[in-house]
Each structure stands twice: as structure tokens, then as C-alpha cells.
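Here is the structure we will look at.
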Amino acid sequence: MSDAPETLEPVVRALEETGLAIDVVADGPAAIAACRPRHVLVLIDDRIRAECIEVVRSLRTRSEVPIIVLTSRVGALGAEEDQVVGVLDAGADDVVGLPARERELVARVRAAIRRGPEPAPDETAIEIGGVRLDPSGYVVSVADERVDMTRKEFELLRLLMTNAGQTVPRRVLIERVWGWGSTEGKTLDTHIRRIRAKIESDPSSPARIVTIRKVGYRYNRPKR
């Protein structure tokens, strides 16, 4: 999050190229309100309007999600150095100086995610176009009829439905479901075919889960 989100475009672009799905908000209160159990990391630009330390402290009381603060104050003296220390004391996991070198930032983000807790599932049921997914009981139904799915199939479908209307890159799907650094490319395609066989009217010509060639998959919202 940033006081001016466009100032973080290089950072967002570098992280998206690694397969991460990024949500950008403009200020501290928005970040606190937007934080969800599915999030695996929070990045904060310390130039936000809200007091950075208070935002970090508030987020930490709500979640154990890793928090990295981006700052131009690293190496500063006096009160500014105290501010950096205060951010860490408030619960931030790391502080990265700006401008950040992309490779270093990506490495530190990945390290923080590896150290962090597994993201908790969102418990709110999702229903789109006759398909209902209930995370609380790992239940999927199509036209009110229950459909049996393996845990991996369920997690894939949940990730796609949570981001309905948006293309989810293959790497994101693989890393979120099979783990960071996994290379389960063919396994992903096999699981998508199995999910289609269970929720599509015509799996050979899918309308719900569509392939975006060389990019990933998208769960379509029904046309109104």
C-alpha cells in the first residue's frame, strides 16, 4: 500500500512477474480493512498517510501474516532511524530500503512468505453461476447437487472462484496449491480437466474455467 500507488508500480510489476497476485490499496485504513486470511504477505510503503507504526501494530493484532515495510529511511540517523526501529518493534518482519533492487526484494518477499504461517481459508461460501463452494465444510455443489472433489481440486477451484473474472497465472496456481518452487505443471492441467468434468456442462468446451493460452486459467462470471 502507498500514499500514491503508482509509485509502487515497479515493485508490483516485479512481484507479479514471479507469479504473485497483488492487491494494491492507497492508505493504512484501507490496508487494515482489506487484509484477509488468504493473504500471504503485506508490503507497506512508509510514506502512507496513516502512521506506519500504527498500521503495522493494528495488522499484527489481527494476523500473523508477514509484514515488510518499504522505506527510504534505512541508514538515516536520529529520529528517522528510531522510526525504522519502531516499525520493527511494532511487528514488522523486515525493512527494505528504497529504491529497492528487484532481485533482492523478490528474494526477501519469498523468504518472508516461507517463514510465515499457512494462509487460513476464507470461510465465506462462494456462489457463481450455479456453482457453490463452501470452504467451511470443503463442499462443492452444482445446481444444488453435491460434487465430490479431492483437496487439491477444491483448493484450485476456490482460488479460481475467489478471483472470478481475472486470469490467474499458472505459477500462482501451482505455488498456492502445491507449494513454492513446485513444478507441477502437468499435474495442474490434469486437475483442471478433472474439475471441468465435474462442474462443466460440456467439459470439452468449458464455459466456466477457460484456458488463457500461455498464461493461466480464468473462472468466468456468467453474462447478464
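Some observations on this one:
- Within the range 6-27, being hydroxyl-bearing (Ser, Thr, Tyr) and not in a loop (DSSP other than H, G, I, E, B) holds for one residue alone: Thr7.
- For the residues Arg49, Arg115, Arg36, Arg62, the requirement of being surrounded by fewer than 18 Cβ atoms within 10 Å (Cβ to Cβ) and modelled with pLDDT of 80 or more singles out Arg115.
- Total residues in the range 6-23, condition under 11 Å from the mean Cα position of the chain (by Cα) and surrounded by fewer than 17 Cβ atoms within 10 Å (Cβ to Cβ): 3
The values are calculated or read from the model by the stated rules, or taken from the named source; none is laboratory data. From a predicted model like this one, the values you see are computed outputs, not experimental measurements. Reconstructed Cβ throughout: ideal geometry from the backbone, glycine too, with neighbour counts over all protein chains shown.
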